[in-house]
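Student: If you scroll down you'll find the structure; I have some questions about it.
The values are calculated or read from the model by the stated rules, or taken from the named source; none is laboratory data. Bear in mind that the values here come from a model prediction, so they are computed numbers and not experimental data. So basically every Cβ, Gly included, is an ideal-geometry build from the backbone, and we count neighbours across all protein chains shown.
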Amino acid sequence: MIPEANNRDDFIQEDPPQKTPKKTKGRFFRQIQNIESLISAPLIAVSKANAMMLTGQARFLLENCFEKSNGKYMPILIEMTMKRGEVQSSNDGGGIDIATQCIHFQVPLISLLPLNNLAIDKLKLDFGLNITSSFSGKGRKERKEEGKIPGVMKKTSILNGRIAEDDTKNGGKNKGGRQTSSQIKVSIEVKSQDLPKGTKTLLDLYSKMITPVSVSGEDKADETT
Amino acid sequence: METNNIQYISCPCCSTQIPFTVAGLLRGESFMCPRCQALISLSQRDTSIVQDAMKKLEELKSSHTAQLK
């Protein structure tokens, strides 16, 4: 159970040491952190998860969509059938017949699989941040040899804060009824990207190379109707 | 199996993009080219290869989902 507290500092201090990983995680978010770390943490988590999935996907592609022969990866080809009607003049003269022409062609397995499924589709994260402290100062003069404009002062500002409590119950106001001015709202939205450029180039190349191959003589006889 | 996503394949005759679903191909359905009305389908010989690959892709997807939870 979370103990009752009059203010946030009491709340932190009175929070007993937690042993279970779930509660420790909650305590981590109540700690004062650099604001940059707080905002970038979920983005780093998403990119790590995406990297993990992309690595798995790349391994899957090599193992299942290609076969290695003589040190080279060759695509596994899948045979497909194409049927189309062809207008022909009938043998008895004058009339028109519609014959079905059957053509076999091969496409690489990679172009049939729905590969762009393996990524985080969408992430929307909204949270409030309480600014607890800030630091702003002037740094040393940039050196000429560093390639920067000489004489320009480097200004640094550091903001520290922590994840704010859910303020939807009290309408964004603290216990005194005043608007909490040091609180900022952070909204992070991540959307899935298209396939990697390399994979797209491969797919484009394969699509352009699809050329129909006529059916051999014995097949043609029973496939033409 | 999430194989109902619409994908596109170039028509071997007119290079128009033909919409298809892997689920439909595996069921033996044919998909029509919107331009030249050619019908494309998966050859029965290679159905098992596509089915196996789809199964492995779904396994990979569910293992990633489990890791993320």
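Student: Does at least one position in the stretch A:112-120 carry a residue that is out of contact with any Gly (no Cβ under 9 Å at 6 or more places or on another chain) and more than 9 Å from chain B (Cβ to nearest Cβ)?
Tutor: There is at least one residue in the stretch A:112-120 that is out of contact with any Gly (no Cβ under 9 Å at 6 or more places or on another chain) and more than 9 Å from chain B (Cβ to nearest Cβ).
Student: Being assigned to a strand (DSSP E or B), basic (Lys, Arg) and exposed (fewer than 10 other Cβ atoms within 10 Å of the Cβ) is the filter; apply it to the stretch A:125-144 and report the residue that is modelled with the lowest pLDDT.
Tutor: A:Arg140
Student: Further question: Do we have A:Leu38 as touching a Gly at 6+ places or on another chain (Cβ under 8 Å), assigned to a helix (DSSP H, G or I), of a type in the set (A, V, I, L, M, F, W, C) and at negative phi here?
Tutor: Judged against the criteria, A:Leu38 is a match.
Student: If I filter the stretch A:55-75 down to residues being of a type in the set (A, V, I, L, M, F, W, C) and surrounded by fewer than 16 Cβ atoms within 10 Å (Cβ to Cβ), which single residue comes out as farthest from the chain's Cα centre (by Cα)? Walk me through how you get there before you give the answer.
Tutor: Here is the first cut: in the stretch A:55-75, the ones of a type in the set (A, V, I, L, M, F, W, C) are A:58, A:60-62, A:65-66, A:74.
Of the ones still in play, those that are also surrounded by fewer than 16 Cβ atoms within 10 Å (Cβ to Cβ) are A:58, A:62, A:74.
Working: A:Ala58: 15, A:Leu62: 21, A:Met74: 28 Å.
So the residue we want is A:Met74.
Student: What is the one condition in (1) surrounded by 14 or more Cβ atoms within 10 Å (Cβ to Cβ); (2) within 17 Å of A:Leu77 (Cβ to Cβ); (3) not β-branched (Val, Ile, Thr) that B:Met32 does not satisfy?
Tutor: Result: B:Met32 passes all but (2).
Student: Moving on to the next point. Which of the residues belonging to the stretch A:68-101 are in a loop (DSSP other than H, G, I, E, B) and modelled with pLDDT under 85?
Tutor: A:Ser90, A:Asn91, A:Asp92, A:Gly93, A:Gly94, A:Gly95
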